[in-house]
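S.K.: Take this structure first; my questions come after.
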Amino acid sequence: MKISHLASLLVAAALVTPLASHAADKPAATAKVWVKDSVVTTKIKAELAASKISSLAKVHVETDADGWVQLTGKVATQADKDKAESVAKAVDGVKSVDNQLVVSGK
């Protein structure tokens, strides 16, 4: 019984050790940038959803560390495309928006 517990602990330690060393390799700033990017992306997606325009649910949002946002996907009208861009530009932390949305007419 004691041997199986010891073996379990050794296996767990062997599995966790590479994870700990990998985490030590990443600078803390990288995690902060990723969180900031994801917060901006989430805010944009929430605002698009709040607009209640169904085609805006299909908009993909990518954000980088410098506040650059890219919108991709399909929307029904030019007005939806323009609305998505204005929503993205209004979010704190966004410096520029690259609107690559395609008007599908559906």
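S.K.: Give me the residue from region 36-60 that is farther than 13 Å from Val91 by Cα, open to solvent by 60 Å² or more (accessible area, probe 1.4 Å) and touching a residue at least 12 places away in the same chain (Cβ under 8 Å) and, out of that set, nearest to the chain's Cα centre (by Cα).
M.R.: His60
S.K.: A follow-up question, please. Name the residue, out of Gly67, Gly73, that is under 12 Å from Leu101 (Cβ atoms) and among the small types (Gly, Ala, Ser).
M.R.: The conditions single out Gly73.
S.K.: Please tell me if Val33 is surrounded by 10 or more Cβ atoms within 10 Å (Cβ to Cβ), touching a strand residue (DSSP E or B) at 6+ places or on another chain (Cβ under 8 Å) and either at pLDDT 55 or above or of a type outside the set (Asp, Glu) (or both).
M.R.: no
S.K.: Taking region 66-88 as the search range and keeping residues that are of a type in the set (Val, Ile, Thr) and farther than 10 Å from Ile44 by Cβ, which one is most open to solvent (accessible area, probe 1.4 Å)? Steps first, please.
M.R.: Within region 66-88, the first condition is being of a type in the set (Val, Ile, Thr), and the residues that meet it are 69, 72, 75, 77, 87.
Next, from what is left, pick out any that are farther than 10 Å from Ile44 by Cβ: 72, 75, 77.
Working: Thr72: 44, Val75: 1, Thr77: 60 Å².
The extreme case among them is Thr77.
S.K.: Does region 67-87 hold any residues that are touching a residue at least 12 places away in the same chain (Cβ under 8 Å), on the phi < 0 side of the Ramachandran plot and over 14 Å from the mean Cα position of the chain (by Cα), and which are they?
M.R.: Filtering region 67-87 down to residues touching a residue at least 12 places away in the same chain (Cβ under 8 Å) leaves 67-78, 80-81, 83-85, 87.
With the extra rule that they be on the phi < 0 side of the Ramachandran plot, the set shrinks to 68-72, 74-78, 80-81, 83-85, 87.
The answer is Lys74, Val75, Ala76, Thr77, Gln78, Asp80, Lys81, Lys83, Ala84, Glu85, Val87.
S.K.: Hey, another quick one. Can you spot a residue in region 89-102 that is at pLDDT below 80 and open to solvent by 30 Å² or more (accessible area, probe 1.4 Å)?
M.R.: Scanning region 89-102, I find no residue that is at pLDDT below 80 and open to solvent by 30 Å² or more (accessible area, probe 1.4 Å), so the answer is no.
S.K.: Kindly indicate whether Thr63 is surrounded by fewer than 18 Cβ atoms within 10 Å (Cβ to Cβ) and modelled with pLDDT of 85 or more.
M.R.: Values: surrounded by fewer than 18 Cβ atoms within 10 Å (Cβ to Cβ): no; modelled with pLDDT of 85 or more: yes.
No: the conditions fail for Thr63.
The values are calculated or read from the model by the stated rules, or taken from the named source; none is laboratory data. Keep in mind it's a predicted model, so treat the numbers as computed, not measured. Note that each Cβ is placed from the backbone with ideal geometry, even for glycine, and that neighbours are counted across all protein chains shown. Keep in mind that these areas ignore ligands, DNA and RNA; they rest on the heavy atoms of the full protein, side chains included. Shrake-Rupley method; radii C 1.70, N 1.55, O 1.52, S 1.80 Å.
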